[in-house]
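Right, one structure below, let's go through it.
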Amino acid sequence: MKNAGYLFYKKYYSDDGENVKVNSNINRDLEELKIDETFTYYSTFSNLKSFELKTIYPGLLIGSGYSHDVEDKESGGYKLGFYFDHTTGLPVIPGSSVKGLLRAYMEEEDYFNYLLKFNNINKSLSAKNVVNAIFEGELNGKIIPMSKRDIFLEAYPLKSGNKFLGSDYITPHKDPLKNPVPIKFLKVLPDVKFKFNFILQDDIYLSADEKLKLFKTILLDIGIGAKTNVGYGKFVECQVCI
């Protein structure tokens, strides 16, 4: 498979000495790519816990804050950035993004209690204590050794015979008397399977498997990435994948 990240950030534009333009057919090349291998980055780690989720319509947008634009407004190029793994060129969800999302919602006491009830975890727990143990590495006021802490790894897409990247548009109306100028961006298409990976430990509050259940519930409830308020970044469990 061609390296999508290399195409998007290194081969996308050409400079003829006068103007920077989008290389011919580069959008088509990106949108024709298929994942022909599953990369088992973390399969040798002990205490590895994982689950697979599938993107749904309209897809997934990650790394939109990165710069990816030129002054050639007629080029038809993508105007937003995107996040790719440097080595494989695959669109991955950084572990830091997964960790930040999970922490933000587990800190909400009411939602945390809902998570426990929904997953049949019949324990009376403080969200603050659990968050400190999982995300701060602090248990009962003591620092947990690095080798015993929970680790949040990248989520990566799995092998598929289908295309996994596509185009979409934002049409902001800056002036009510003028037509909007569409902003083209790249996204992960619906029906792409991602494997979310964690190295989790049992502790006095939750077992590793219980933590995994909470994490999956949050990702299914909330989604991840940009524009989740309009449906991007939402998933379904892969037990219902076709």
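The values are calculated or read from the model by the stated rules, or taken from the named source; none is laboratory data. Just so it is clear, the structure is predicted and the values come from calculations on it, not from any experiment. Here the Cβ is made from the backbone with ideal geometry for all residues, glycine too, and neighbour counts use every protein chain on show. For accessibility, only protein heavy atoms count, side chains too; no ligands or nucleic acids. Shrake-Rupley method; radii C 1.70, N 1.55, O 1.52, S 1.80 Å.
For Phe51, the conditions (1) open to solvent by less than 80 Å² (accessible area, probe 1.4 Å); (2) closer than 18 Å to Pro91 by Cβ; (3) in contact with a Phe, Trp or Tyr (Cβ under 9 Å, 6 or more places away or on another chain) are fulfilled apart from (2). Out of Tyr13, Tyr57, Tyr9, report the one residue that is among the aromatic types (Phe, Trp, Tyr), under 24 Å from Ala226 (Cβ atoms), crowded, with 16+ Cβ neighbours inside 10 Å and modelled with pLDDT of 90 or more. One residue alone meets the criteria, Tyr9. Counting the residues of the range 139-161 that are surrounded by fewer than 10 Cβ atoms within 10 Å (Cβ to Cβ) and under 21 Å from Asn3 (Cα atoms) gives 1. Consider the range 117-138 and keep the residues that are open to solvent by less than 40 Å² (accessible area, probe 1.4 Å) and in contact (Cβ under 8 Å) with a residue 24 or more places away in the chain. The one that is nearest to Leu219 (Cα to Cα) is Asn119.
Under the condition of being out of contact with any Leu (no Cβ under 7 Å at 6 or more places or on another chain) and surrounded by fewer than 17 Cβ atoms within 10 Å (Cβ to Cβ), the residues counted in the range 22-40 number 9. Would you mind stating whether Ala104 is closer than 19 Å to Ile222 by Cβ, open to solvent by 40 Å² or more (accessible area, probe 1.4 Å) and modelled with pLDDT of 95 or more? So Ala104 fits the description; yes. Beta carbons closer than 6 Å, at least 6 apart along the sequence or on distinct chains, never pair a first residue in the range 23-38 that is more than 25 Å from Ala155 (Cβ to Cβ) with a second that is of a type in the set (D, E, K, R) and modelled with pLDDT of 90 or more. Against the conditions (1) among the polar types (S, T, N, Q); (2) assigned to a loop (DSSP other than H, G, I, E, B); (3) out of contact with any Asp or Glu (no Cβ under 8 Å at 6 or more places or on another chain), Asn129 satisfies every one except (2).
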